[in-house]
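Let me begin by presenting the structure, written as structure tokens, before commenting on it.
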Ligand code: F6R
């Protein structure tokens, strides 16, 4: 949520910062701004709307300085106005700051500073932070061999409650940036004669692949030729330098119109990457390198708890189904935002899992911390390497699907489903699943990328279906067993990018309320597959048809459906139960994408949303 970029080096800072902000725009797109140190002082450009607006504004200011900071905002405190856009400059004009997070005691800080003669131009909590740094800066000795800016930031942060990722500069300290994090990610990029900072590696990977992930409670001081890390309570620390393993091409659109489209079509490769090297040599089970649990310890677990938010929560629900079905171990699933507060009693031998694409979702991180605080071992399924969740978990599994930029999660979700299915296999094979069932299961998972490719060839047909349904304002998604969570996911995908109201239910639940919605104005998407639920789902479809509801059926190839029952048919290949949720997801992703396009929506940046929700 919100994106930060900072640059200090030999080249003009503004072009790099604007380029970085464009790459971070998916993190927030209410407004954007940039501040650069210039010979005559500080130059500032801020604008509501997209980074493209800021680019036009910045061009008027002729920004030539080589040290600067930028921000793209997702509003928390204060409306979407130019004044509330970051960077914020202290009222004495000394300090500029960009900030992600929420300063909880900003009111009392503001009262204190008003008493000291500082003034405020915005409604943001961040401005209080900038003014407090300026207050300490003014009191800091000008030349005692230490960084005046670093010391004043450190003093300020001792009085701050809440969460932050900040980058600060001062007008009279050329080339110096100070950053700090608590709860909001910051990554340093180490270049040749230049150093960078950003809230996300995608903003800096075009310049360097050497990075340092700042930890909570740490500060960093950057100059063009040097960097040093310390803590809020002093003491320099030895940095750990990591190498990013993907290049800028992975974050480019290529030939696609939208990131969401690109990421939907990348799914076969994403699944291949997520499973690579993760099957045992005998081909009968899964293996994971980073669980930090011996098979014997894993064997002791007699209950699992999965927590996540949004789409990742749907992945937990499918994983619950598969672990209970194939490993016969009880699983509980909770929204991370609820779990963190409801003080749920956990069974003693519970293994706790969170699932998070970004690894920065604050509720999921808090749920992980709560489980660890209670003494439970807590693992993570996570995509972004080096994220807060990855670092705080006791172990886990990386998704390895590369950067997901589209705000609506697609390839991250199907890879979470795959890893959940592999976890069910791993646990099942430790218990009662036979060798030959394990072999079949593995073969099925290995075949998933090709099955997804097959569904993707229907994109043209699904686009045509979408064109016929883009005018509706309500839609239901109905499925059973492991496809109930996919019904939830279909409804979430549709509403978040097309603003059509949609809801997902287990198909049989429909008659307990949602059926009241059914009319010729509310179509339903049904998942109908071979097996024990076939006739039950057909009955639910009949009930909809009897009430003049239109039906889009997502059905297994070769199924004989009663004549005239569905208005639209999208087929999916017949497949193993562990793969079915993955394969069934593709049509609802495409349907939502094409409906949103028909409605003229900005699919990659839906209104009010941002990728990675780092505030409560
Ligand atoms: C929906 C979507 C969100 C995220 C949720 C959790 O398409 O992307 O619902 O799934 O915000 O995000 P992560 O997985 O980053 O924790």
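The values are calculated or read from the model by the stated rules, or taken from the named source; none is laboratory data. Note that the structure is predicted; figures quoted are calculated from it, not measured. Positions of Cβ are generated from backbone atoms using ideal geometry, with glycine treated the same way; all protein chains shown enter the neighbour counts.
Numbers below:
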{"read-out": "Single residue of 267, 243, 209 found to be in contact (Cβ under 8 Å) with a residue 24 or more places away in the chain, more than 26 Å from residue 88 (Cβ to Cβ) and surrounded by 19 or more Cβ atoms within 10 Å (Cβ to Cβ)", "value": "267"}
{"read-out": "Checklist (1) under 24 Å from the mean Cα position of the chain (by Cα); (2) crowded, with 20+ Cβ neighbours inside 10 Å applied to residue 285, failing item", "value": "(1)"}
{"read-out": "One residue from 35, 45 being in a strand (DSSP E or B), touching a helix residue (DSSP H, G or I) at 6+ places or on another chain (Cβ under 8 Å) and either at pLDDT below 90 or under 21 Å from residue 120 (Cβ atoms) (or both)", "value": "45"}
{"read-out": "Residues of the stretch 358-378 that turn out to be buried (at least 24 other Cβ atoms within 10 Å of the Cβ) and farther than 23 Å from residue 2 by Cα, as a count", "value": "2"}
{"read-out": "Condition met for residue 429 (surrounded by fewer than 21 Cβ atoms within 10 Å (Cβ to Cβ) and either in contact with a helix residue (DSSP H, G or I) (Cβ under 6 Å, 6 or more places away or on another chain) or in a loop (DSSP other than H, G, I, E, B) (or both))", "value": "no"}
{"read-out": "Exclusive hit being free of Cβ contacts under 8 Å to residues at least 60 places away in the same chain and surrounded by fewer than 20 Cβ atoms within 10 Å (Cβ to Cβ), set 234, 238", "value": "238"}
{"read-out": "Candidate set: the stretch 392-422, residues that are more than 12 Å from the ligand (Cβ to nearest atom), in contact (Cβ under 8 Å) with a residue 60 or more places away in the chain and in contact with a strand residue (DSSP E or B) (Cβ under 7 Å, 6 or more places away or on another chain); chosen: the one farthest from residue 23 (Cα to Cα)", "value": "422"}
{"read-out": "Qualifying residues in the stretch 77-110 (those that are buried (at least 20 other Cβ atoms within 10 Å of the Cβ) and more than 22 Å from residue 150 (Cα to Cα)) - the one nearest to the chain's Cα centre (by Cα)", "value": "85"}
{"read-out": "Filter pass, residue 361 being in the same structural domain as residue 288 (by TED's automatic domain parsing), at pLDDT 95 or above and in contact with a helix residue (DSSP H, G or I) (Cβ under 9 Å, 6 or more places away or on another chain)", "value": "no"}
{"read-out": "Verdict on residue 260 being within 16 Å of the ligand (Cβ to nearest atom) and touching a residue at least 40 places away in the same chain (Cβ under 8 Å)", "value": "yes"}
{"read-out": "Test: residue in the stretch 559-570 that is away from the ligand (no atom under 14 Å from the Cβ), farther than 28 Å from residue 511 by Cβ and modelled with pLDDT of 95 or more", "value": "no"}
{"read-out": "Search result, residues across the stretch 225-251 that are modelled with pLDDT under 85 and within 29 Å of the chain's Cα centre (by Cα)", "value": "245, 246, 247, 248, 249, 250, 251"}
{"read-out": "Residue in the stretch 597-616 that is in contact (Cβ under 8 Å) with a residue 24 or more places away in the chain, within 16 Å of the ligand (Cβ to nearest atom) and more than 20 Å from the chain's Cα centre (by Cα) present", "value": "yes"}
{"read-out": "Among the residues listed as 93, 117, 130, the single one being in a loop (DSSP other than H, G, I, E, B) and closer than 18 Å to residue 42 by Cα", "value": "93"}
{"read-out": "Filter result for the condition that a residue is out of contact with any strand residue (DSSP E or B) (no Cβ under 7 Å at 6 or more places or on another chain) and free of Cβ contacts under 8 Å to residues at least 40 places away in the same chain, over 467, 508", "value": "508"}
{"read-out": "Residue within the stretch 562-570 that is surrounded by 23 or more Cβ atoms within 10 Å (Cβ to Cβ) and either closer than 30 Å to residue 388 by Cβ or outside the structural domain of residue 104 (by TED's automatic domain parsing) (or both) present", "value": "no"}
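Each row is one residue, and each column tells you yes or no for (1) outside the structural domain of residue 569 (by TED's automatic domain parsing); (2) closer than 23 Å to residue 417 by Cβ; (3) crowded, with 17+ Cβ neighbours inside 10 Å.
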| residue | (1), (2), (3) |
| --- | --- |
| 468 | no, no, no |
| 488 | no, yes, yes |
| 500 | no, no, yes |
| 540 | no, no, yes |
| 546 | no, no, no |
